[in-house]
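*Asks:* What follows is a single structure, and I will ask about it in a moment.
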Amino acid sequence: MRKIFVFLMALVPFQMMATDYVDAINTSSTKYEAGHQVIYEMNVGAFTSAGTFNAAKDKLEDLKTLGVDIVWLMPIYPRGGGINSPYAATNFQKVNPAYGTINDLKTFVSRAHELKMEVWLDWVPNHTATDADWVTSHPEYYSKSGNNFIHPNGYSDVYQLNYNNSDLVTAMNDCLKFWIDQADIDGYRCDFVSSNAIPASYWQTTIPLIKSYKSGKTITFLGEADIANDATKLKSVGFDYDYAWQYQTSLVNYGSSGVYAASLKTNANKLIDGQNSISFGRMVYLTNHDQNYNEEKKTLTQKYGNNRYPLTVLAHTVWGMPLIYNGQEIGGNQALNYFTDQKIDWNSTDKKMLNTIRTLNALKHSIDAFKDGKTASTHHSTTWLTSSSNNVLAYSCKYGSSEAIIILNFGTATVNTTISGITAGAYSLWLNSETISSGTSRKQVNLSTSQSISLEAKGYRVYVKGNYSEEDIPAPEVYTPTIESSDEISLFFETATEANYQIWAWGEGVTEQQLLGITGGWGDRPSMTLMGIAENGHYIYKFTFKAAKAPSNFIITKNGDNPRPYDGAVYVVNGYYVEGTDTPTKTISQLTGIRTISTQRPTDDRIYTLSGHQVKDKNSLRPGIYIQNGKKFIVK
């Protein structure tokens, strides 16, 4: 008989804190409108362990708390062409069966709408897979060279569509209408709109056609191109947003060292000034599926180094609608293979990045100084402030009477700088890089026209003019190291520095796959899970081995890089290790905070696993760890 235990301890201490003021803003029941929105790119197959619409639906509340307003779904269509690219669709009116059904998608969209969020589909107008249904049923829909179908850009898995064929145009428009009818979607992110094979006249006709298709329904179009600077033929065809592509490209060479403030200012001015000549908004981003995987498979850390923190603040505040790529909010330290729908490792969270992004989203939602868009540009101004340090970038954003001050240190050392040009008065410090890892806070300060400030390396501050309630950082719960079953084999690691800690383990008579559950190279090392805070304020991480036999040795690396805070240690079963020591400090030898309360199955039909997957049938529970009524229990 399976035994049921209840764990009286907290699941993840930092997730059990009381709702803070940032949560209250982001989870408002009021829908945030264009100009105050944040977009999130989601690969359904990667977003959860199940990789389905239903599993992703159960995590929509997490995105709402993060501050997401728009969920852009990467292509959801059945894949073909031989290399499993999501951008090689076989049918534009079907969904990838691995993700679920069209009804599942409809339920996903319905839940998003309940949460006052929008859902945009990724639309691929330029091509289909080489084995798409239309290749045999409508070969006239395709461009040909002689009798041969054309591979655009040399992509061997797709064929070019022919927009000189009016029937193809009608068929594509019918597909756009189909998803509005079937799933009630709210917009389209349109792939490769700069293709020379798609005439501007197509968009000029299709965009207003689709926008007016259903009375009372607003459909938004985002074009994947820097229309403002590169694909200028599309400036007047009706897109609501384009990619600030040139701006993102200007940032990719900013690693961890050097003086960047002057060039960052120049690049930002091009972004801001460019708004004057266009009638659409800009989407600003640091990474997406292309930058993360296609460009040499670079994570956020590999692409930007420690500048990823101040650059995140810059991209969210200087101008435009910010994009978050799935997993970016917890650190973005995976190069996600979207051909295989590689899963996001939600067990490793960079709380500094997470708290920074959700605070920035709250600012975007509630402070007019950060409003974007064509209408906003006529009332918005960005004024560069003077800093006595060349490493520091400081600016003021204004919209009407709303004003905010942003100060960013791109240097590699703490700097004492004087910022001049500030509108003197009362301000509220909403974002402070020195404290944000521990949680959100808000503090009233008075700023002078010339203000001295000390800012740590890669540090940042965001001040909002006016008087706001002061909010303290929520006190973290102390985590007690715990094993969850008598046969568990786990490693505990205590460190003063929060980071992405990955583990490598080996031993006689047990394979790497048995121990770690992976078969890849060093870059695929699994991450340890941040469990909570020790009494001394240090962070406690945990990794549970997949095998029933303990490893002989292990190595812990930091941020997937060369630093090894624990190297080649001999493993002790359920060992507790502290950074800077040579031997295990102690072992965790017994279950902590657990008592048996029943041998019967739960009576509540709303039961959730730790991965967030909902189990609705209480009689079909499999062995694992579950949450019921806010309490944790094991089914064996």
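The values are calculated or read from the model by the stated rules, or taken from the named source; none is laboratory data. In this text the structure is predicted, and so the values were computed from the model without any measurement. Cβ sites come from the backbone with ideal geometry, for glycine too, and all protein chains shown count toward neighbours. Heads up: the accessible areas ignore ligands, DNA and RNA and are worked out on the full protein's heavy atoms, side chains in. Shrake-Rupley method; radii C 1.70, N 1.55, O 1.52, S 1.80 Å.
*Asks:* Please go through the stretch 266-322 and give me each residue that is free of Cβ contacts under 8 Å to residues at least 24 places away in the same chain and closer than 22 Å to His36 by Cα, ordered by number.
*Replies:* Asn269, Asp273
*Asks:* Among the residues of the stretch 165-177, are any outside any helix (DSSP H, G or I) and more than 28 Å from the chain's Cα centre (by Cα)?
*Replies:* Yes - at least one qualifying residue is present in the stretch 165-177.
*Asks:* Taking the stretch 548-580, which residues are over 15 Å from Thr497 (Cα atoms), open to solvent by less than 70 Å² (accessible area, probe 1.4 Å) and assigned to a loop (DSSP other than H, G, I, E, B)?
*Replies:* Hits for the stretch 548-580 are Ala550, Pro551, Ser552, Tyr571, Val572, Asn574.
*Asks:* Determine which member of the set Leu336, Leu271, Leu286, Leu323 is part of a helix (DSSP H, G or I), open to solvent by less than 20 Å² (accessible area, probe 1.4 Å) and in contact with a Phe, Trp or Tyr (Cβ under 9 Å, 6 or more places away or on another chain).
*Replies:* Exactly one of Leu336, Leu271, Leu286, Leu323 is part of a helix (DSSP H, G or I), open to solvent by less than 20 Å² (accessible area, probe 1.4 Å) and in contact with a Phe, Trp or Tyr (Cβ under 9 Å, 6 or more places away or on another chain), namely Leu271.
Residue-by-condition table, conditions (1) in a loop (DSSP other than H, G, I, E, B); (2) charged (D, E, K, R); (3) farther than 19 Å from Asn162 by Cβ:
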| position | (1), (2), (3) |
| --- | --- |
| Thr30 | yes, no, yes |
| Ile76 | yes, no, yes |
| Leu121 | no, no, yes |
| Thr136 | no, no, no |
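*Asks:* Are any of the residues in the stretch 417-431 closer than 22 Å to Lys265 by Cβ, open to solvent by 30 Å² or more (accessible area, probe 1.4 Å), among the small types (Gly, Ala, Ser) and in contact with a strand residue (DSSP E or B) (Cβ under 8 Å, 6 or more places away or on another chain)?
*Replies:* Taking every residue of the stretch 417-431 in turn, at least one turns out to be closer than 22 Å to Lys265 by Cβ, open to solvent by 30 Å² or more (accessible area, probe 1.4 Å), among the small types (Gly, Ala, Ser) and in contact with a strand residue (DSSP E or B) (Cβ under 8 Å, 6 or more places away or on another chain).
*Asks:* Does Leu408 meet the test of being of a type in the set (A, V, I, L, M, F, W, C) and touching a Pro at 6+ places or on another chain (Cβ under 8 Å)?
*Replies:* yes
*Asks:* Please determine whether any residue of the stretch 84-95 is open to solvent by 60 Å² or more (accessible area, probe 1.4 Å) and not charged (D, E, K, R).
*Replies:* The answer is yes; a qualifying residue exists.
*Asks:* Only one residue in Ile180, Ile185 is open to solvent by less than 10 Å² (accessible area, probe 1.4 Å), closer than 20 Å to Gln93 by Cβ and assigned to a loop (DSSP other than H, G, I, E, B). Which one?
*Replies:* Details: Ile180 fails: assigned to a loop (DSSP other than H, G, I, E, B).
On inspection, the qualifying residue turns out to be Ile185.
*Asks:* So which of Leu363, Leu408, Leu385 ends up being crowded, with 22+ Cβ neighbours inside 10 Å, over 30 Å from Thr220 (Cβ atoms) and at pLDDT 95 or above?
*Replies:* Result: Leu408 is the single residue among Leu363, Leu408, Leu385 that is crowded, with 22+ Cβ neighbours inside 10 Å, over 30 Å from Thr220 (Cβ atoms) and at pLDDT 95 or above.
*Asks:* Tell me the residue from Gly146, Gly154, Gly216, Gly223 that is of a type in the set (Gly, Ala, Ser) and in contact (Cβ under 8 Å) with a residue 24 or more places away in the chain, please.
*Replies:* Just one listed residue meets the conditions, Gly223.
*Asks:* I want to confirm something. Restricting to the stretch 114-129 and keeping residues that are over 19 Å from Val169 (Cα atoms) and touching a strand residue (DSSP E or B) at 6+ places or on another chain (Cβ under 8 Å), which single residue is most open to solvent (accessible area, probe 1.4 Å)? Let's see the steps before the verdict.
*Replies:* Keep residues of the stretch 114-129 that are over 19 Å from Val169 (Cα atoms), which gives 114-120.
Filter again for touching a strand residue (DSSP E or B) at 6+ places or on another chain (Cβ under 8 Å), leaving 117-120.
Details: Met117: 2, Glu118: 25, Val119: 0, Trp120: 2 Å².
Applying the filter and picking the extreme gives Glu118.
*Asks:* Sticking with this one: Hey, can you tell me all the residues within the stretch 188-220 that are assigned to a helix (DSSP H, G or I) and among the polar types (S, T, N, Q)? It would help to see each step written out before you state the result.
*Replies:* The first filter runs over the stretch 188-220 and keeps only residues assigned to a helix (DSSP H, G or I), leaving 200-211.
Once the filter is applied, which keeps residues that are assigned to a helix (DSSP H, G or I) and among the polar types (S, T, N, Q), the stretch 188-220 yields Ser201, Gln204, Thr205, Thr206.
*Asks:* Something else: Restricting attention to the stretch 464-493, and to residues there that are open to solvent by 20 Å² or more (accessible area, probe 1.4 Å) and assigned to a strand (DSSP E or B), which single residue is modelled with the lowest pLDDT?
*Replies:* Val478
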